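Here is the structure we will look at, set down as structure tokens.
The values are calculated or read from the model by the stated rules, or taken from the named source; none is laboratory data. Quantities reported herein were computed from a predicted structural model and do not represent experimental measurements. Please note: Cβ atoms are built from the backbone with ideal geometry, for glycine as well, and neighbour counts cover all protein chains shown.
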């Protein structure tokens, strides 16, 4: 979208706010709003003016009828309320507020708690050339832990796509891991009046489980940068003194005749001062003797979830 042509954008936005936008133009405007931060900013500028004009007109009309001046209710921050929004305009607003949009446009409702979720990592191991380093992560935005991408097959189809991740099978270790570090500085927070959590889910598979089999997800927050987390993680003697928050979940799958995928999910509130979050997905056995059989991972999702509390 060429922002040099403000006229067409302003015309579409004004028509949307006035409730006379066609379905085709609504689709076009919605696409521009979704793709361009400049168009989103322009939308809010015109929407704010539109709201103030409507409020002023309502006040003037009431004065003409009753002889009394109507004082509009005070607004808090950037929250606006429109008395007339058509279904088309409402649809565009919903598009702006959807989870796939920029965080800054998630506005909480006044009367109820609102949760806004944004998926920041999705991994289905579709790259056949993928081979992650076997060590603990030394930087953000990359998988570590010795994962390989392998094709799904009969009896073990992929959860998403056609391929899946295979844990490196090292017989001397009871557990093998896939790990990822999230740099929180890359995700601006929309306001101070909310809490932010991280939600991690993944699907695990093993063709021959036994009673000691375990699938596990750990999430841990640190004040250090992603590049500085590795020595902190390795120093188990002082780990508890440095980690800001940690949550983990073990899933012991029930044995069955037919192997199936097992989804595991964990959620953690991110504490104040956190800079990096380590996401760790592991598969193995509680009993000594090594990891044993091949184990697989697919459809890993990492989401940031902002929870806005009701306004007083």
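Structure above, values below:
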{"read-out": "Condition met for residue 139 (closer than 21 Å to residue 282 by Cα, in the same structural domain as residue 242 (by TED's automatic domain parsing), in contact (Cβ under 8 Å) with a residue 60 or more places away in the chain and touching a helix residue (DSSP H, G or I) at 6+ places or on another chain (Cβ under 6 Å))", "value": "yes"}
{"read-out": "Count - residues of the range 143-168 that are assigned to a loop (DSSP other than H, G, I, E, B) and under 12 Å from residue 127 (Cβ atoms)", "value": "4"}
{"read-out": "Residue 274 in contact with a helix residue (DSSP H, G or I) (Cβ under 7 Å, 6 or more places away or on another chain), more than 20 Å from residue 213 (Cα to Cα), at pLDDT 95 or above and surrounded by 13 or more Cβ atoms within 10 Å (Cβ to Cβ)", "value": "yes"}
{"read-out": "For residue 131: the one exception among (1) free of Cβ contacts under 8 Å to residues at least 24 places away in the same chain; (2) more than 29 Å from residue 234 (Cα to Cα)", "value": "(2)"}
{"read-out": "Qualifying residue in the range 299-308 (condition: over 17 Å from the mean Cα position of the chain (by Cα), assigned by TED's automatic domain parsing to the domain that holds residue 141 and in contact (Cβ under 8 Å) with a residue 24 or more places away in the chain)", "value": "no"}
{"read-out": "Residues of the range 234-272 that turn out to be over 29 Å from residue 156 (Cβ atoms), touching a residue at least 60 places away in the same chain (Cβ under 8 Å) and touching a strand residue (DSSP E or B) at 6+ places or on another chain (Cβ under 7 Å), as a count", "value": "3"}
{"read-out": "Residue identified as surrounded by 15 or more Cβ atoms within 10 Å (Cβ to Cβ) and farther than 20 Å from residue 168 by Cα among 247, 279", "value": "247"}
